[in-house]
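Engineer: Structure below; questions to follow.
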Amino acid sequence: MSSKSDSLKEKLTENFTEFSQLSDYSFMNCLKADPQSTKDGSDHKPRSVYSGHYVPVLPTPIPEPEYISHSKKLFKELGLSSDLTRDKDFCRFFSGDISVADYPMSPVGWATGYALSIYGTEYNQQCPFGTGNGYGDGRAISIFEGLFNGKRMEMQLKGGGPTPYCRGADGRAVLRSSVREFLAQECMDALGIPTSRSLTLYVSRSEIVRRPWYSKGSRFFEPDIMIDNQAAITTRVAPSFLRVGQIELFARRVRNNAHDEALNELKMIVQHLIDRNYSNEIEFEISLESKVIKLASLYRSRLISLVANWMRVGYCQGNFNSDNCAAGGYTLDYGPFGFCELFDPRFQPWTGGGEHFSFFNQPSAAAINFKTFSSSLSPLLSESKQAQEKLDQIEKDFSELMNKELKTMWAGKVGLEHYNENLINELFNLMVISKADYTILFRKLSAIPDNFDSLKGSFYLPINDELKIRWGVWLENWQSVLKEEGNTKAKSASMKSLNPVYTWREWMIVPAYEDAEKGNYTKIKELQDVFSNPYIEQSSEIDQKYNRLRPSQYFNYGGVSHYSCSS
């Protein structure tokens, strides 16, 4: 018989009034607003923001919003009833109209500033004022923070209109990018990768925004036409949206003696990061220096694990700047991302990314972001040489620990207890030469085949006799090591838990957002279902549709094989 507390715990939030009671705004309550901001949030034009942790902003609602979908899984985790998607005020709120917010909800949202470092080099060029004081949430506006079954979550509109950080843009997101982000976050969660999550997706039936994009069948590298797009809003959810670039901004202000409160604001944002993302691991009572050292060590572990998991499933962030690096250790900002299909260590889906952010370079990019994070914590340790030395050592050890984690991950993907450099390097060589599909090949290897014929369907080009022989030798050597270690049945099961059947394939997503532009959301919902169980073989109909090689026409195809960040 269930207890009264169990039944209360199981009760779902069913309407907007009940939802409002979950609110608890630690970010705005604990941190400082920009002193030049307005209390009513009517702050939508680009301007320099010199101090404070956030700017109160009213989102701009999309007109005539239409519900497309929501994450049933996330709703369940948060204790929300799916009936909420039919609640008029709930829909208005998450399509940008927060005038429906009643006490204790905040009548305004908030946008935050952050600094930009690209591969460790500090940039101010993207700031219209040339100072870095105009860089931050240009179209992301947080509108809710609350406690859900005891867990604190923040909800942020992507495409909610301009903020002081919009740099002259319209603050909108288009339906295409909103569908991508909505689906990608839930796909990554199902793959077991720490990530921000998707709550709801709405499209405007009347607001149109123009963006550069690719003409049908375009072979151009950059967009070749301007197109009209429906405006959309997706709501993303995370324990916090604090970024490395945010901590970096306040550290830069300390370093530059920007204002009298600079050091205090850095202390406040770091303490808030600890409270939001590390409170279960960092004791409240210990000294600030001890907290900073623990924070650096814990974040190092999370970031290393995150990037190794990205590599495991073939994910490429595309633009791994400090401002796209969540300080809580999960994936954030699904704009220029992609998943590796044809195996290529230099895979980079984003035309603006460069090889430094390519698939196999992500561990190096992570090390540089971690160095930025560590140096941003340094001003808090200025009175303790010993603590600074500890922080320096934590940063220095990053690459060695990253390599160790990667070796463990690669060994696991091929069922080995210990990393075998020769075996794994030869596998990479064969995959490149044979034009292998990253996901399909590793999944076929998960059945531990003993002959080349079992790998058919993994390659984009016919395999000649010489390559077949090399594959045969590799399989024989691999089998020999597996047999030495023993229990191949358990190894196969472990590999299948690490190597998904289904993955993100951009050419499968395009029809979903193109149909959505015509008011048909069937493919979006089907992809939600497929992505919800990526490690489990699904029906033959679904398998034939989604577990296959990229069709040849989609190679070198603008908007599919590569894309700009026009969203």
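Computed from the coordinates by the stated procedures, all read-outs in this text should not be read as laboratory data. No experiment lies behind these values; they were computed from the predicted model shown. Positions of Cβ are backbone-derived with ideal geometry, glycine not excepted, and every protein chain shown enters the neighbour counts.
Engineer: Could you put 438, 460, 202 in order, starting from the residue whose Cβ has the fewest other Cβ atoms within 10 Å?
Structural biologist: On the way: 438 21, 460 15, 202 26.
Listing 438, 460, 202 from fewest to most nearby Cβ atoms yields 460, 438, 202.
Engineer: Along its principal axes, what span do the Cα atoms of segment 79-127 show, with the longest given first and each in whole Å?
Structural biologist: 48, 22, 17 Å, listed from the longest principal axis down.
Engineer: Sequence neighbours fewer than 8 away in the same chain don't count; with that in mind, list the lysines whose C-alpha is under 18 Å from residue 435.
Structural biologist: Straight-line reach from residue 435, under 18 Å: 444, 456, 468.
Engineer: Something else: If we count other beta carbons within 10 Å of each Cβ, what is the order of 100, 237, 57, fewest first?
Structural biologist: Numbers: 100 15, 237 21, 57 29.
Ranked by crowding around the Cβ, least crowded first: 100, 237, 57.
Engineer: Farthest toward the dipole's positive end in the chain, which of 165, 366, 337, given Cβ charges of +1 (Lys, Arg) and -1 (Asp, Glu) about the Cα centre?
Structural biologist: 337
Engineer: Please report, in whole Å³, the volume per residue of the convex hull around the C-alpha atoms of segment 70-192.
Structural biologist: Expressed per residue, the convex hull around the Cα atoms of segment 70-192 is 152 Å³.
Engineer: Here's a follow-up. If you average the alpha carbon positions of segment 260-338 and of segment 231-257, how far apart do those two centres end up, in angstrom?
Structural biologist: Their Cα centres are 11 Å away from one another.
Engineer: Out of all DSSP beta bridges with both ends in the chain, state the antiparallel percent to the nearest 5.
Structural biologist: Details: 45 of 50 bridges.
If we restrict to bridges inside the chain, about 90 percent are antiparallel.
Engineer: Here's something else I'd like to know. What does the highest-first list of 392-405, 485-498 look like by mean Cβ count within 10 Å? Please list the in-between numbers first.
Structural biologist: On the way: 392-405: 15.7, 485-498: 14.1.
Order by mean packing, descending: 392-405, 485-498.
Engineer: Please report the net charge: other residues with Cβ closer than 14 Å to the Cβ of residue 168, K and R +1, D and E -1. Could you put the intermediate results ahead of the total?
Structural biologist: Details: positive: 45, 47, 139, 167, 172; negative: 170.
Charge balance near residue 168 sits at +4.
Engineer: In debye, nearest 20: dipole of the chain around its Cα centre with unit charges on the Cβ of K, R (+) and D, E (-)?
Structural biologist: I would put it at about 460 debye.
Engineer: Work out how much length residue 259 to residue 485 would gain on full extension: take 0.36 nm times their residue separation and subtract the Cα-Cα distance, in nm to one decimal. Write out the running numbers ahead of the final one.
Structural biologist: Values: separation 226, 0.36 × 226 = 81.36 nm, distance 6.15 nm.
Once the chain is fully extended between residue 259 and residue 485, it gains 75.2 nm.
Engineer: Also, I was wondering about something else. Just the Cα atoms of segment 256-366, one point each, no solvent: what log10 I(q)/I(0) does Debye give at q = 0.14, 0.22 Å⁻¹?
Structural biologist: Taking Cα atoms of segment 256-366 as identical point scatterers yields -0.67, -1.10.
Engineer: Also, I was wondering about something else. Write down the Å³ per residue value for the convex hull defined by the alpha carbon atoms of the chain. Write down the numbers at each step before the final one.
Structural biologist: Working: hull volume 95.9 nm³, N = 567.
Per-residue hull volume (Cα only) is 169 Å³.
Engineer: What is the fewest-to-most order of 426, 285 by other Cβ atoms lying within 10 Å of their Cβ? Present the calculation step by step, with values, prior to reporting the outcome.
Structural biologist: Working: 426 17, 285 6.
Lowest count first: 285, 426.
Engineer: Let me ask something else about it. How long, wide and thick is segment 476-567, going by the Cα atoms along their three principal axes, in whole angstroms, largest first?
Structural biologist: Sorted from largest, the Cα extents of segment 476-567 read 56, 28, 23 Å.
Engineer: Could you work out the helix-only [θ] at 222 nm for the chain, with each DSSP H run of four or more residues adding -39,500 (n - 2.57) and the total divided by the number of residues, to the nearest 500 deg cm²/dmol? Each step should come with its number before you reach the end.
Structural biologist: Working: 19 runs with 227 residues, N = 567.
The helix contribution divided over the chain gives -12500 deg cm²/dmol.
Engineer: Based on Cα coordinates alone, diagonalise the gyration tensor for segment 21-245, multiply each eigenvalue by 5, take square roots, and list the semi-axes in whole Å, largest first.
Structural biologist: Working: eigenvalues 130, 115, 64 Å².
Equivalent-ellipsoid dimensions as semi-axes: 25, 24, 18 Å.
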